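> I am attaching a structure below and will ask some questions about it afterwards.
The values are calculated or read from the model by the stated rules, or taken from the named source; none is laboratory data. Please read all numbers here as calculations on a predicted model, not as lab measurements. Cβ atoms come from the backbone with ideal geometry, glycine included; neighbour counts cover every protein chain shown. The accessibility values were calculated without ligands, DNA or RNA, using every heavy atom of the protein model including side chains. Shrake-Rupley method; radii C 1.70, N 1.55, O 1.52, S 1.80 Å.
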Amino acid sequence: MVNETDLTAEKKWLFQKKAETAIQNLKKKNINALYVDNSQEALQKVLEMIPEGVMVVRGDSVTLDQIGIFPALKKRRQNKLIDPLERNPDGSFVIPEDRQKRFAREAFDAGVFLSGVNAVTLDGRLVFTDGRGNRVAPVIYGPDKVILVAGANKLVNNLEEAILRIREVAAPLNARRHFTKHQAPDFGNLPCVRTGKCADCNLDWRICNYTVVIEGAMVWEKNRINLVLVGEELGI
């Protein structure tokens, strides 16, 4: 009997078709991109892309946590690992905030920098918004290789939709995450945390200070930036 309520296969098909379009356009712009079906395949693919012996630094990313890449790298024991934003079980920082900046700078000399991305356009743009810029800066320049992982829910048609997604989905959820999970009560004063809507605020704890659109890479940096698109809803 056909289960009319289960659209898993149809969603997977749509995810893959959209990913194929984005991948084709990203490759035209010297950005390597590939599609995998699920989180387990994403984890294996990212592990394959990280050479033995290189230093690996990560940016803040729920997607990376969901696929479990850092625990897998620790278990493999082939790389020096730096996580400036590592958390204790209660959500507080392992590295004190006054020392995080020094550790975050290690990303510029890393063999591999791992992160997520807020939106991927079908015409081949990578769109990020950061509070401090410590995630987007190493993506643009520094580490030998950048590996980004994104769920298919991050795929949008164009730049306008990417910015809209960040303001209406990613930013409110991320700010709320910091408020509820990371012992950061100041985030509770942000309008998006209180109302769920972006007010384009000018508050000290605003997390939307740096918006970066990566249009492509120079030919001599071809395939330095790598995107793994996953046929699941991941991250925020």
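> Looking at the stretch 101-158, which of the residues that are among the hydroxyl-bearing types (Ser, Thr, Tyr) and open to solvent by 10 Å² or more (accessible area, probe 1.4 Å) is farthest from the chain's Cα centre (by Cα)?
Tyr141
> Can you pull out every residue in the stretch 197-219 that is small (Gly, Ala, Ser) and surrounded by 14 or more Cβ atoms within 10 Å (Cβ to Cβ)? Step through it out loud before you land on a result.
Our first condition is that a residue be small (Gly, Ala, Ser); within the stretch 197-219, this holds for 199, 216-217.
Listed by number, the residues that qualify are Gly216, Ala217.
> Here is a follow-up. Could you tell me which numbered condition Phe93 fails, if it satisfies all but one of (1) of a type in the set (A, V, I, L, M, F, W, C); (2) touching a Leu at 6+ places or on another chain (Cβ under 9 Å); (3) under 29 Å from Gly124 (Cα atoms)?
(3)
Condition check ((1) more than 14 Å from Val139 (Cα to Cα); (2) modelled with pLDDT of 95 or more; (3) not hydrophobic (A, V, I, L, M, F, W, C)) across all residues:
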{"residue": "Ile82", "(1), (2), (3)": "yes, no, no"}
{"residue": "Glu86", "(1), (2), (3)": "yes, no, yes"}
{"residue": "Asp90", "(1), (2), (3)": "yes, no, yes"}
{"residue": "Phe93", "(1), (2), (3)": "yes, no, no"}
{"residue": "Asp98", "(1), (2), (3)": "yes, no, yes"}
{"residue": "Val112", "(1), (2), (3)": "no, yes, no"}
{"residue": "Val117", "(1), (2), (3)": "no, yes, no"}
{"residue": "Thr121", "(1), (2), (3)": "yes, yes, yes"}
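Rundown of residues vs (1) over 19 Å from Leu234 (Cα atoms); (2) in contact with a helix residue (DSSP H, G or I) (Cβ under 9 Å, 6 or more places away or on another chain), yes/no style:
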| position | (1), (2) |
| --- | --- |
| Met55 | yes, yes |
| Arg58 | no, yes |
| Arg77 | yes, no |
| Asp83 | yes, yes |
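> Can I ask one more? Can you list the strands (runs of 3 or more DSSP E) found entirely within the stretch 1-85 that contain at least 2 residues being open to solvent by 20 Å² or more (accessible area, probe 1.4 Å) and in contact (Cβ under 8 Å) with a residue 60 or more places away in the chain? Outline the logic, then answer.
Working: elements: 32-36, 55-58, 80-82.
Output list reads 32-36.
> A follow-up question, please. In the stretch 165-179, how many residues are in contact with a Ser or Thr (Cβ under 9 Å, 6 or more places away or on another chain) and surrounded by fewer than 21 Cβ atoms within 10 Å (Cβ to Cβ)?
1
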